[in-house]
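One structure is given below, encoded as structure tokens.
The values are calculated or read from the model by the stated rules, or taken from the named source; none is laboratory data. Everything numeric in this text was worked out from a predicted model, so none of it was measured. All Cβ positions, even for glycine, are placed from backbone atoms using ideal geometry, and neighbour counts span all protein chains on display. Accessible surface areas use protein heavy atoms only, side chains included; no ligands, DNA or RNA. Shrake-Rupley method; radii C 1.70, N 1.55, O 1.52, S 1.80 Å.
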Amino acid sequence: MGDSFDAFRYISYLRSRWRWIAGSCAVAGGLSLVVSLMLPPQYTATARIVIEPPAGSDGRMSLAVSPIYFESLRTYEHFASSDSLFQNAIAKFGLRSLMGAGPIEGIKKRVLRVETVRNTRILEIAATLPDPRKAQALAQFLAESTVDMNRSMVSDSDRELLQGMERQERETQERLEKTEAARTRLFAHEPVDDLQSSLSQTGYLRANIEEQEKSVELELADLAERAKQASAGDLAEIQKQESNARVRQQQMQKQLRELDRRNADRERELSLRTSHRDQVDAERKVVQDELTAIETKLREARSEAGFRGERLRVVDPGIVPERPSSPNIPLNVLAALFLGLVLPLIFLTLQMSYQEQRAGARRSGFQTVRASSDE
């Protein structure tokens, strides 16, 4: 009963002061309406950019994207909201005459809003100005400048990559030319054809001498057989022929040993020169393979130039807004009416509580005095 009685008293107390509450709401709503009408209207134009994946990437990548990828796209927000770009916009559209002579950071905070739509590849650039046409022109200018900035960065990156690969190609080409020159000098200073021809001729000469030696051996065998059957008078002549044959045989054997020594020297020299040639040819082959690989990469890089990074494209330059974005008069009036209602209620509640506390204190004091007088 006590709670119902208190609630009844509270409602009655508020009803007794309804004019004061209504007046507060009326004053708050009226002031909000007047202030909202006095504020200059602001118009917001929004331009939109689509961020497309690199042209050379797998088409399935556009479907299987991760939150990390979407978070990385926020990098382009810094492109559109860069201080240098906004400073150029201030000079181009004369924003200081519209927004005052404040710092550029303050003007940008009031005028510009850049954000990536959640879980999409859409970048929104919103410009708010008192002039709707300038707001649309500013949003379009920032969007197109962002696209140009990204294209310029991709072009610079491609140019630096191509310059580095072209420099590597020139260096490899110079290495190949040096290797070719060293190979030419080696072939000139260390020919192998003469050595191979000499070895071939020596082989023929050795075979000829060996045939002659066999002939001499047959002759010696024949003389030995004749000596066994010869008379005393013929034996001296046979022995003389045998001595001459043995001298020729020794000379032939000496010639064969000399030929073998020369052949061994020539074969060692030929082996050494062939080894030098193989080494130079191997180096030349390695450099040629490097040059071929670099030229292939360079052709691929040139064909992919301009398509390596994300591509930005303005899909919506925005329109000239016809309705101001601020002040929002209905919202401002509703907020003022709400405050005009809540604040008096809080004040009246505190006032009623204070009055009840004072009344209770007076009753307690009166009861105390009465009890003392009765004693």
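Values computed for the structure shown
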| read-out | value |
| --- | --- |
| Overall dimensions of region 224-278 by Cα: Rg and Dmax, Å | 21.4, 68 |
| Dipole-positive endmost among GLN249, THR296, ASN208 within region 148-303 (Cβ charges, Cα centre) | GLN249 |
| Positive minus negative residues near GLN87 (Lys, Arg vs Asp, Glu; Cβ under 13 Å) | +1 |
| Long-range tail of P(r) for region 151-223 (Cα pairs > 17 Å, %) | 73 percent |
| GluC sites (Glu not before Pro) within region 196-227, DSSP loop, no more than 15 other Cβ atoms inside 10 Å | none |
| ³J(HN,Hα), Karplus 6.51/-1.76/1.60, whole Hz, each residue of region 72-80, x for Gly, Pro | 5, 5, 5, 4, 6, 5, 5, 4, 6 |
| Cα-centred dipole magnitude for the chain, charges only on beta-carbon of K, R (+1) and D, E (-1), debye, nearest 20 | 3160 debye |
| Placed amide H near ASP316: partners under 5 Å, 5+ positions off or other chain | ARG48 |
| Shape of region 18-155, Cα gyration tensor, a/c cut at 1.5 | oblate |
| Solvent exposure of the chain as accessible area per residue, Å², 1.4 Å probe | 66 Å² |
| Square roots of 5 times each gyration tensor eigenvalue, C-alpha, region 257-348, largest first, Å | 95, 20, 5 |
| Efficiency of FRET from Cβ geometry, ASP260 and ILE68, R₀ 56 Å, rounded to 0.05 | 0.10 |
| Net +/- balance of residues flanking SER326 in space, Cβ distance below 13 Å, scoring K and R +1, D and E -1 | +3 |
| Net charge over other residues, Cβ less than 13 angstrom from the Cβ of ARG246 (K, R count +1; D, E count -1) | -1 |
| Distance in nm between pseudo-label sites at GLN241 and LEU162 (7 Å out along the Cβ direction from Cα) | 9.3 nm |
| For the chain, built as a Gaussian network whose Cα springs stay under 10 Å, the top-fluctuating residue of LEU312, LEU123, LEU259 | LEU259 |
| Residue-level accessible surface for LYS214, protein heavy atoms, 1.4 Å, Å² | 130 Å² |
| Length released on extending from ALA7 to GLN251, taking residue separation times 0.36 nm less the Cα-Cα span | 73.1 nm |
| Ellipsoid semi-axes in whole angstrom, largest first, where each is sqrt(5λ) of the Cα gyration tensor of region 186-253 | 43, 10, 5 |
| Electrostatic dipole magnitude of region 124-198 [Cβ: Lys, Arg +1; Asp, Glu -1; Cα centre; debye, to 20] | 320 debye |
| Per-bin percent of Cα-Cα distances, the chain [20 Å] | 15, 20, 17, 14, 11, 9, 7, 4, 2, 0 |
| Full-stretch length increase - GLU180, MET352 - with 0.36 nm per residue and alpha-carbon distance subtracted | 51.3 nm |
| Helix-only CD estimate at 222 nm, as mean residue ellipticity for the chain, using -39500 (n - 2.57) per DSSP H run (n ≥ 4) | -27000 deg cm²/dmol |
| The chain: Lys pairs at Cα distance under 21 angstrom, eight or more positions apart or on different chains | 10 |
| Rule-of-thumb Rg ratio for region 99-211 [Cα; 2.2 N^0.38 Å; N residues] | 2.79 |
| Over region 79-140 - Rg/Rh using Cα atoms and the Kirkwood inverse-distance radius | 0.98 |
| Low-density loop cleavage sites - GluC sites (Glu not before Pro) in region 292-342, where at most 14 other Cβ are within 10 Å (DSSP) | GLU304, GLU322 |
| Whether region 266-313 is rounded, prolate or oblate, judged on the alpha carbon gyration tensor where a/c under 1.5 counts as rounded | prolate |
| Solvent-accessible area, 1.4 Å probe, carbon plus sulfur percent, for region 192-312 | 47 percent |
| Charge dipole (debye, nearest 20) of region 161-314; +1 at Cβ of Lys and Arg, -1 at Cβ of Asp and Glu | 600 debye |
| Estimated inter-spin distance, THR120 and LEU341, nm [label 7 Å along Cα→Cβ] | 3.5 nm |
| Between 0 and 90°, nearest 10: helix 18-38 axis offset from the chain longest Cα axis | 50 degrees |
